[in-house]
Amino acid sequence: MRVRLRVFPGLAVAALAAPLAAVLAAPGVRAIPRLDLSPFPPAAPGETRWVIQLPGLLPSSSDQAISGNPRDWRVQVIVGQMAKVDCNMHSFSAQLRIEKGKADPVVPYLRVSDVGPMASTRMACPAGQPLQEKFVAMAGRPFVMPYNVSRPIVVYAPKPLEVRWKLWKAETQERPAGKF
């Protein structure tokens, strides 16, 4: 949403304030926080600092079964690397840990360590099939955290690892559990 103000000579400022206040008070309109990385340490040699700045406003879903409330959303952090691979499934092991800063222990960040070698299923691929450049994700359980637009998600990963993310939205319908 863009708000453009033009000031005309002789027009009272109060005449401008009322329409602007109405626009800013509209449902769903929120300010997007400024990206502030000062509480986070710089990347060490041999690693990259990846930053996920979550959008403050997302387009609403046309599916009424999906919750529009950000409290019901989660962010999946995906660590991986680009590699030339064959038809097999590939992955690698690593540790993704939550750390707290020494300067500001209230602000957590994520650190990737103990990166292992690439592994694959070693099944036979069709003869002559060329290798493809693909994103190979870290093995293990998905790392999911609450959606919080007011603070960036900062991840420190050794090179050449990359960080990507997915947004998970919950359904609005609650279902009863069975009694046994």
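Computed values, structure above
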{"read-out": "Highest average packing first - 137-147, 155-165, Cβ atoms within 10 Å", "value": "155-165, 137-147"}
{"read-out": "28 Å Cα-Cα reach of residue 179 towards lysines, excluding residues that sit fewer than 8 places from it in its own chain", "value": "169"}
{"read-out": "Rounded, prolate or oblate (a/c below 1.5 giving rounded, otherwise prolate when a/b exceeds b/c) for region 116-156 by Cα gyration tensor", "value": "prolate"}
{"read-out": "5 angstrom amide H check on residue 67, placed H, neighbours 5+ away", "value": "170, 171, 172"}
{"read-out": "Sulfur and carbon atoms: percent of accessible area, region 81-180 [1.4 Å]", "value": "55 percent"}
{"read-out": "Descending Cα extents along the principal axes, region 57-180, whole Å", "value": "49, 44, 39"}
{"read-out": "Pairs of Lys in region 25-165 closer than 26 Å at Cα, counting only those 8 or more apart or on different chains", "value": "5"}
{"read-out": "Other-chain or far-sequence residues with amide H under 5 Å of residue 107's (modelled H)", "value": "101"}
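The values are calculated or read from the model by the stated rules, or taken from the named source; none is laboratory data. These figures come from a predicted structure and were not determined experimentally. Glycine also receives a Cβ, built like all others from the backbone with ideal geometry; neighbour counts cover every protein chain displayed. Side chains included, ligands, DNA and RNA excluded: accessible areas come from the protein's heavy atoms. Shrake-Rupley method; radii C 1.70, N 1.55, O 1.52, S 1.80 Å.
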